[in-house]
Amino acid sequence: GSYNFFRSEFDINRRLHSKFAVRAVAVFHEQDSFRNHANRNFKAVYFSANYQPFKTTSIKLDLETQRNISTSLGAIHADAFSTTDRTGATTLITSTIGGWTYVPGNGMVYDTIGLRRSSGTNILLPYQFGQAIMPRRWNIQGPDSIFNYQNKALALNVDQKVGEDLNLNANVNLNDTFRQLTARGGSSAAGIYRDVNPTLPSGRPNPYYNELYTEHYWQSIRSHIGEPKANFKLAAIYDLKLPFMTQRILVKGTYFRDNPSPNNGHAEAVDYNGPLWRGGPFDPASTQAAYNANNLIRNQNHFYRRLYLRDGDSNAYTNAEPIPGTDRTGPRLDRGYMRNAQDGSGGRAIGRIFSITSYGAGMSGSYLKDRLHTLVGWRRDGVDQNLHRDFYNYVRKDVFAQPGLVQASADVSKFEQNSQDSINYGAVLNAVPFVSMYYNYAQSVAISSGIGAGTLFDNTIRGVPTGDGDEFGLRWSFFGDRIESNWTKYRSNVLRSSITASLLARTELQGIFPEVNLNGSDTQATKAEGVEFETIANLTKNWRLIWNYSTNKLALSQRLPLTKKYRDAAKAKNSPTPETDAYLLTVPEGVPVTGFTKVRSNLVTNYRFSEGFLKNVSVGGGMQYREKSYLGNFDLDRNGTAEQLFSSGYFLGNLSFGYRTQLWKRKVDMNLVISNVFDKFYYRAFALGSGAWGEPRSFRFAIRSDL
């Protein structure tokens, strides 16, 4: 396909004995991208064996391993210069956002602390400027922004039939995951700035004065010892048969255990033993005070790369090769690479093992000669997690400085305190042959997310998100099932979703109330409701058409109650909170989730010729429509009110062609798919300052054959 896309799959399934069968699958996948530098290499192997020693016993073993190495596409940058262009206001570069900086365009290295940088709306560039600032093919992250994902999995499943009506099932799943990510870091990495400094620190004229740029340091985050997970399940299913009804009764229990490893992160920094180092030596003590002091020193010594847009995004310009003034030859923990700042002031999370125990029961019934079906279920989920933190010692290179080990606030969690019950029930009624209706209600518990993050209160946790929802549906069938239409109306609520106030707001509140947890999060609730329609029409025996349409409303409520509580308490003390007030204006009640799209519709059709010159040829096409997407609230017109901003909607068209034949007495299917046939320019927005470019016109050609 387009952009050097190549994929090969081999799948073999054989019965070797009346009681034993095997299956093996191998996949190899390579592709580049319409964005510069980006590519993906994927390999995977799967093996399965099924053994039936007795008529009532089935044993299945699954083994899988995969490796996915990709170079990131890079996110769309945000505007960080238009406010300065309009008002002339600039921001001082301090040691927390700047430092020793390398300019690949001319090879200069200089200190940006004390210089100034521009400011802007921090809204996605395409929203205001299209491709005028940065073409969509550009990828400033360059060729070295690599994500390495590897996974190994084993599953064993045993089914045992006892008599006519009882079935027992046992299942074990084990897998281990390795992740490594190399990406940009720093507060300037997401924006495009204007260089407002007419001279360099040396006093010489700045050759890039008034030019646009972005700036970052390289960082690497690695789960270096993997993440082993284990899942165990036991279930019993009994079919109760009575003259007036049948009931399938299920009792099930599961146990899940996850052992996330500490992230071994590194960030590009100046040479610890070189002349550019600032802030003095590290403190070798294994204490929190020494840890925090070392963090302050380290954060003053990031080594930045400033990339001016006029120089383009070639490999030589955007790569992460070693440069003068920094040592990147290997992860020497006292120089070159430094620990990532994501640990925070509380230390590095270790011993993050958590387990989830769930058990429940349910029944599905059938009545009135299968015209009425019912479902009812109950489940209890519980999580047990014990976090600890340690303090990383840069000088002694101790990864685990055990004398400084402390418990994190999450240790207040115990299994009994973090269990949740949930229920669901529903019914399906086939009133007449051509119409059926159903209703379903369910409660949800996002227990798999652990115990929840710490809140703004020290030594408290948010708890797991919970919610509920229901849906009502109708299924219509006409002309002997040649036309089938499904109509669905749904509603859902989610409580205790996490949201983190801006760092400026949290820092301001901590200055007034020392007990505020600077790394803590707040909560919000989400309510969604909408309708969906889908119609499948077999217009003739060779012509099929599928159309679906959905529209929904999604609103946020109960937003940031802790942040508002502290803000109100500050006002009661006559303490001004301008940063918190400004932030809360951008998160009003009743707005959608960022990235929300209200209306979606898809149309797909296909026709296969069964006779004549075009026999066994198929042609098809389709369209995708997406209405505008919500970006967020921002006072773009500067009238004192933050308005809702949306990215543009888009319409995409697709074409497909197929041919079915035989070669060497083997069935062969050939298919060609052309996506975005009109080469529509569009992007998908996730928030005010976050989004991704849509793919231009591309094609995929596939041949599938039974060997």
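The values are calculated or read from the model by the stated rules, or taken from the named source; none is laboratory data. Note that the structure is predicted; figures quoted are calculated from it, not measured. Neighbour counts are summed over all protein chains in view; Cβ atoms, including those assigned to glycine, are modelled from backbone coordinates with ideal geometry. Accessible surface is based on the protein model in full, side chains and every heavy atom, while ligands, DNA and RNA are left aside. Shrake-Rupley method; radii C 1.70, N 1.55, O 1.52, S 1.80 Å.
Structure values in brief
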item	result
Whichever aspartates and glutamates have a C-alpha closer than 14 Å to that of residue 571, once near sequence neighbours (fewer than 8 apart) are set aside	508, 579, 581
Overall Cα dimensions of the stretch 507-639, principal axis frame, Å, largest first	86, 29, 24
Student exercise, the stretch 1-67 dipole from Lys, Arg, Asp, Glu Cβ charges, in Debye to nearest 20	300 debye
Whole-Å distance, taken between Cα centres, linking the stretch 256-304 and the stretch 524-561	48 Å
Gain in span if fully extended, residue 21 to residue 144, counting 0.36 nm per residue against the direct Cα distance	39.9 nm
Residues residue 116 and residue 581, FRET efficiency given R0 of 25 Å [Cβ-Cβ distance, rounded to 0.05]	0.45
Shape box of the stretch 22-172 [Cα atoms, principal axes, largest first, Å]	83, 32, 32
Förster-model FRET efficiency, 45 Å R0, residue 246 and residue 68, C-beta, rounded to 0.05	0.50
³J(HN,Hα) computed for each position of the stretch 178-186 - Karplus, 6.51 cos²θ - 1.76 cosθ + 1.60, integer Hz, glycine/proline x	10, 9, 9, 10, 10, 8, 6, x, x
Under DSSP loop assignment and at most 12 Cβ neighbours within 10 Å, longest GluC sites (Glu not before Pro)-free interval of the chain	165-514
Extension reserve of the residue 230-residue 425 stretch, reckoned as 0.36 nm per residue once the Cα distance is removed	67.2 nm
Dipole of the stretch 503-640, positive end: most advanced residue of 594, 580, 530 [Cβ charges, Cα centre]	530
Spacing of the two label points (7 Å from each Cα toward its C-beta) at residue 671 and residue 237, in nm	3.0 nm
Å² of accessible area per residue within the chain, as computed with a 1.4 Å probe and no ligands counted	51 Å²
Label point distance in nm, residue 12-residue 472, each placed 7 Å from Cα along Cα→Cβ	5.6 nm
Protein accessible area in the chain, 1.4 Å probe - carbon and sulfur %	57 percent
Calculated FRET value between residue 503 and residue 440, using beta carbons and R₀ = 51 Å, to 0.05	0.75
Phi-based couplings in Hz for the stretch 546-561 (Karplus 6.51, -1.76, 1.60; Gly and Pro marked x)	10, 9, 9, 8, 9, 9, 8, 10, 9, 10, 9, 8, 6, 8, 6, x
Backbone HN-Hα couplings from phi across the stretch 39-56 [Karplus 6.51/-1.76/1.60, Hz, Gly and Pro as x]	7, 8, 10, 10, 9, 8, 9, 10, 9, 9, 10, 10, 10, 10, x, 10, 4, 9
With eigenvalues of the C-alpha gyration tensor scaled by 5 and rooted, the stretch 609-707, Å	45, 13, 9
Neighbour net charge for residue 691 - beta-carbon separation under 12 angstrom, K R +1, D E -1	+2
C-alpha center-to-center spacing [the stretch 447-506, the stretch 111-143] in angstrom	34 Å
Added length on full extension, which subtracts the Cα-Cα distance from 0.36 nm per residue, residue 372 to residue 60	108.9 nm
Point-charge dipole on Cβ atoms (K/R +1, D/E -1) for the chain, about Cα centre, debye to 20	1760 debye
Environment charge at residue 473 (Cβ cut-off 15 Å; Lys +1, Arg +1, Asp -1, Glu -1)	-3
Given charges at Cβ of Lys, Arg, Asp, Glu: the stretch 624-707 dipole, positive-most of 693, 664, 625	664
Which of 10, 72, 51, positive extreme of dipole for the stretch 1-74 (C-beta unit charges)	51
